[in-house]
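What follows is one structure encoded as structure tokens, with my remarks underneath.
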Amino acid sequence: MRRVTTDSEVASEEVVATKRPWHVVVWDDPVTPMSVVVVIFKKIFGYSNNKCTQLMLTVHHEGRAIVWSGQRERAESYCVKLQVAGLQATIEQDQ
Amino acid sequence: MVSNRLFVRRRDGRIEVRLSDAGRDIAREAFGHVVAAERDPDHEWHAGLNAPINPSSDDDDPLSMLTRQNEISTNAELAFMTLHEEFLNDAEAWAWLSTFQIALRSTAVANGLLSEEKLNECEPAMLEYIHTLQQFLFSLAECL
């Protein structure tokens, strides 16, 4: 039986979709020195040295790491800052 | 004891540049390429400087793209203008680091050196150039 979708259900799905966080992802490459990645994370996010090192190691071992999550506009802004600093970065919405 | 560091943080907070003339020539070439690549759509590094921000979307936000273009250009131009300086402040050193890093990644992307295997197979001159940029970055990162 075909079910009719109500306006309120559509609106509810849109709210869920917009509430899903956006992730900033940094990707591994074979040339960027590890210490440079740590310095860039510290400068852009202000994270502790330990957290920056952990994130850098995740990028190195797993090929990518989510370095920040939240609103789309801020994710895009952080992504641009990482790209300006020479890292390969993208944004993606949480699945 | 003689230090072989290429950049040294001084007690007054400034960063001393200890590059030789040959080192500054390499820096000039790297910074110059980044400045040119941002302006010239046909430059081999141009596409790499305009990588997608959100790959799931057909187009990125024009404002974000403009911001990226402006900031890359500003850093590269500042780095280029301070090429002959003996000392850098933090903003200048950050511009140098960002621009060296962009030059390093752009070189790798333009030459298809995107895996350890490809990197190990590349020509000795290219590998030496990459190692030189990495040395600059290692030393500069220690100061920041």
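The values are calculated or read from the model by the stated rules, or taken from the named source; none is laboratory data. Remember, it's a predicted structure, so these values are computed and weren't measured experimentally. Cβ placement follows ideal geometry from the backbone for every residue including glycine, while neighbour counts extend to all protein chains displayed. Accessible surface areas use protein heavy atoms only, side chains included; no ligands, DNA or RNA. Shrake-Rupley method; radii C 1.70, N 1.55, O 1.52, S 1.80 Å.
Here are a few things to note about the model shown:
- Within the stretch B:110-142, the set of residues being open to solvent by less than 30 Å² (accessible area, probe 1.4 Å) and either assigned to a loop (DSSP other than H, G, I, E, B) or more than 9 Å from chain A (Cβ to nearest Cβ) (or both) comprises B:113, B:122, B:136, B:139.
- Residue B:44 falls short on exactly one of the conditions (1) of a type outside the set (Ser, Thr, Tyr); (2) outside any helix (DSSP H, G or I); (3) crowded, with 18+ Cβ neighbours inside 10 Å, and that condition is (3).
- Test: residue in the stretch B:86-104 that is open to solvent by 10 Å² or more (accessible area, probe 1.4 Å), closer than 28 Å to residue A:72 by Cα, away from chain A (no Cβ under 11 Å) and not aliphatic (A, V, I, L, M): no
- Verdict on residue A:27 being open to solvent by 30 Å² or more (accessible area, probe 1.4 Å), within 12 Å of chain B (Cβ to nearest Cβ) and either of a type outside the set (A, V, I, L, M) or in contact with a Cys (Cβ under 7 Å, 6 or more places away or on another chain) (or both): yes
- Only residues that are closer than 22 Å to residue A:24 by Cα and either charged (D, E, K, R) or within 10 Å of another protein chain (Cβ to nearest Cβ) (or both) were counted in the stretch B:41-65, giving 17.
- Against the conditions (1) closer than 26 Å to residue B:78 by Cα; (2) buried (at least 19 other Cβ atoms within 10 Å of the Cβ); (3) more than 12 Å from the chain's Cα centre (by Cα), residue A:82 satisfies every one except (3).
- Filter result (out of contact with any His (no Cβ under 8 Å at 6 or more places or on another chain) and of a type in the set (A, V, I, L, M, F, W, C)) within the stretch B:20-47: B:22, B:26, B:27, B:30, B:31, B:34, B:35, B:47
- Subset of the stretch A:37-72 that is surrounded by fewer than 20 Cβ atoms within 10 Å (Cβ to Cβ) and facing another protein chain (nearest Cβ under 9 Å) - its residue that is nearest to residue A:21 (Cα to Cα): A:72
Let's see how each residue does on (1) touching a helix residue (DSSP H, G or I) at 6+ places or on another chain (Cβ under 6 Å); (2) not in a helix (DSSP H, G or I):
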{"position": "B:19", "(1), (2)": "no, yes"}
{"position": "B:34", "(1), (2)": "yes, no"}
{"position": "B:65", "(1), (2)": "no, no"}
{"position": "B:73", "(1), (2)": "yes, no"}
{"position": "B:78", "(1), (2)": "yes, no"}
{"position": "B:96", "(1), (2)": "yes, no"}
{"position": "B:106", "(1), (2)": "yes, no"}
